[in-house]
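Student: I'd like to ask some things about the structure below.
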């Protein structure tokens with residue numbers, strides 16, 4: 001039977017994914033900007049801030065958890081962030097900067113696939129996560 005999880009703030013939680021060490025979730029700090037989220041991880045009972053990202057993009061694949069972080073400044077790329085249960089890293093950066101975004105990651109048989117869009121061109125990429 002499903003049970004509520006500890007971690008997300010009441011009425012602010014958006015995405016959630018179970019991991020081998022806990023959970024990853026997003027919270028929307030400003031309700032009028034629902035696409036902007038702060039991502040967090042609960043690891044063995046301890047909460048960690050993972051950073052800013054885009055709601056609706058949290059995806060588990062091959063034992064890791066991924067989410068998209070859109071550019072903050074005009075000089076920033078869009079990024080696919082990867083949480084392996086203890087470390088956050090950048091799995092992919094778009095070639096376009098500023099006006100760029102990455103669609104929701106998809107996973108099949110431990111292969112993560114994304115579509116990246118921007119002024120310097122669009123691309124579809126995939127990688128084996130296992």
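So that you can scan it fast, the table gives a plain yes or no per residue for (1) surrounded by 17 or more Cβ atoms within 10 Å (Cβ to Cβ); (2) on the phi > 0 side of the Ramachandran plot; (3) modelled with pLDDT of 95 or more:
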position	(1), (2), (3)
33	no, no, no
48	no, no, no
72	no, no, no
88	yes, no, yes
91	yes, no, yes
95	no, no, no
105	yes, no, yes
108	no, no, yes
120	no, no, no
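Okay, residues lined up against (1) under 15 Å from the mean Cα position of the chain (by Cα); (2) without any contact (Cβ under 8 Å) to a residue 40 or more places away in the chain:
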residue: 11; (1), (2): no, yes
residue: 14; (1), (2): yes, no
residue: 21; (1), (2): no, no
residue: 24; (1), (2): yes, no
residue: 47; (1), (2): no, no
residue: 51; (1), (2): yes, yes
residue: 58; (1), (2): yes, no
residue: 74; (1), (2): no, yes
residue: 102; (1), (2): yes, no
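Student: Follow-up. Within the stretch 9-27, which residues are assigned to a strand (DSSP E or B) and surrounded by 16 or more Cβ atoms within 10 Å (Cβ to Cβ)?
Tutor: Filtering the stretch 9-27 down to residues assigned to a strand (DSSP E or B) leaves 13-18, 22-27.
Those that are assigned to a strand (DSSP E or B) and surrounded by 16 or more Cβ atoms within 10 Å (Cβ to Cβ): 13, 14, 15, 17, 22, 23, 24, 25, 26, 27.
The values are calculated or read from the model by the stated rules, or taken from the named source; none is laboratory data. Every value quoted in this text rests on a predicted model; they were computed, and no experiment measured them. With ideal geometry, Cβ positions are generated from the backbone for all residues, glycine too; neighbour counts draw on all protein chains shown.
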